[in-house]
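The values are calculated or read from the model by the stated rules, or taken from the named source; none is laboratory data. This is a predicted model, so every value here is computed, not measured. Because the Cβ atoms are built from the backbone with ideal geometry, glycine has one as well, and the counts that use them run over all protein chains shown. These area figures cover heavy atoms from the full protein model, side chains too; ligands, DNA and RNA do not enter into them. Shrake-Rupley method; radii C 1.70, N 1.55, O 1.52, S 1.80 Å.
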Amino acid sequence: MNKTIFITGATAGIGKATAEIFAKNKCNLIITGRRKNKLHELAKTLSSEYQIEVLPLCFDVRNKEAVENAISNLPSKWHNIDVLVNNAGLAVGLDKIQEGCIEDWETMIDTNIKGLLYVTKAIIPIFIKNKKGHIINIGSTAGKTVYEKGNVYCATKFGVDALSKTMRIDLLEYGIKVTQVSPGAAETEFSLVRFKGDFEKAEKAYDGYQPLVAKDIAEQVYYVTTLPKHVCINELEITALAQANSTYIYKN
Ligand code: NDP
Ligand code: 8X3
């Protein structure tokens, strides 16, 4: 039977590439994001190209009621979810702590931590009922080593790291897998969002080295779902060849 994969933040970047690779492998998809047009366009393309079923759900992960409504109203044929990919997330701003913008901080905390928790809380009962499930949290190298001006974004990804580890422990008794996939710099819309639409600044983030692309991460997300039932990868950290961690990138 085809697997069903629930992916948050599938309108761009890593989430979109993840949807594409699972679609290629004949999985049915529930894809989410705030940009309705992009979401519906992707659903249409993937369902016709790969003859799979795709359910687009448009909501903001920061909106607790919207998350609960979307998931509690899933048609029964969509209850057989195998994998949740908690991917929706962002950095907003790159400022020293003393110069940071509180609104930016709140957006990151509300999306990267609280949003991930709302979605996870709504999906876990389905996994427990089905006696199977796999949660894949997209962390970051920023959740392993802090860097200058990374402050609140790093804090949210350190938070995701702690949540991934504790989810793994708490869900042991239900046989639910938890994997954290922690990418380094990947060229997506991430920097454009971080720099609030400033293309020049966004492009500079990838000057002088070859960064990862979304597909590099998506392939690893797919890989961790292909292992035997008794095998769980708890953690994968993936960087470009030129990047050792958050602070060391070899640039020419
Ligand atoms: P993109 O900006 O390309 O994609 C982010 C996705 O998240 C979009 O689909 C966006 O959809 C969705 N999203 C953002 N905020 C919300 C929200 N409030 N509600 C619902 N969906 C939301 O970035 P990436 O693909 O690079 O980022 C994906 C994940 O990877 C993030 O968690 C990021 O922190 C992490 N990451 C990225 C790295 C990188 O260098 N690119 C490295 C390490 C980790 P929409 O706008 O339509 O809502
Ligand atoms: C994204 C990678 O280094 O820009 O999580 O924070 S970084």
Among the residues in segment 7-17, are any open to solvent by less than 10 Å² (accessible area, probe 1.4 Å), more than 16 Å from ligand 2 (Cβ to nearest atom), in a helix (DSSP H, G or I) and within 23 Å of A186 (Cα to Cα)? no
Residues within segment 128-140 that are touching a strand residue (DSSP E or B) at 6+ places or on another chain (Cβ under 6 Å) and not in a strand (DSSP E or B), tallied: 2
Flag for L90 being open to solvent by less than 20 Å² (accessible area, probe 1.4 Å) and of a type in the set (A, V, I, L, M, F, W, C): no
Mind listing whichever residues of segment 140-186 are of a type in the set (K, R) and within 12 Å of ligand 2 (Cβ to nearest atom)? K144, K149, K157
Residues of segment 182-197 being among the charged types (D, E, K, R) and open to solvent by less than 60 Å² (accessible area, probe 1.4 Å), which ones? R194
Would you mention how many residues in segment 153-187 are more than 13 Å from ligand 1 (Cβ to nearest atom), touching a helix residue (DSSP H, G or I) at 6+ places or on another chain (Cβ under 6 Å) and assigned to a helix (DSSP H, G or I)? 1
Could you please find all residues in segment 108-117 being surrounded by fewer than 22 Cβ atoms within 10 Å (Cβ to Cβ) and either more than 16 Å from ligand 2 (Cβ to nearest atom) or among the aliphatic types (A, V, I, L, M) (or both)? I109, D110, I113, K114, L117
Within segment 18-36, how many residues are of a type outside the set (S, T, Y), buried (at least 24 other Cβ atoms within 10 Å of the Cβ) and not in a strand (DSSP E or B)? 2
Go through the residues of segment 199-222 one by one and say whether even a single one is β-branched (V, I, T) and closer than 27 Å to I123 by Cα. yes
Name the residues in segment 188-208 that are part of a helix (DSSP H, G or I) and more than 8 Å from ligand 1 (Cβ to nearest atom), would you? R194, F199, E200, K201, A202, E203, K204
Single condition E219 does not satisfy, out of (1) open to solvent by 50 Å² or more (accessible area, probe 1.4 Å); (2) within 15 Å of ligand 1 (Cβ to nearest atom); (3) without any contact (Cβ under 8 Å) to a residue 40 or more places away in the chain: (3)
Kindly indicate whether F158 is open to solvent by less than 20 Å² (accessible area, probe 1.4 Å) and among the aromatic types (F, W, Y). no
Consider Y209 carefully, then state whether it is within 20 Å of Y248 (Cβ to Cβ) and out of contact with any helix residue (DSSP H, G or I) (no Cβ under 9 Å at 6 or more places or on another chain). yes
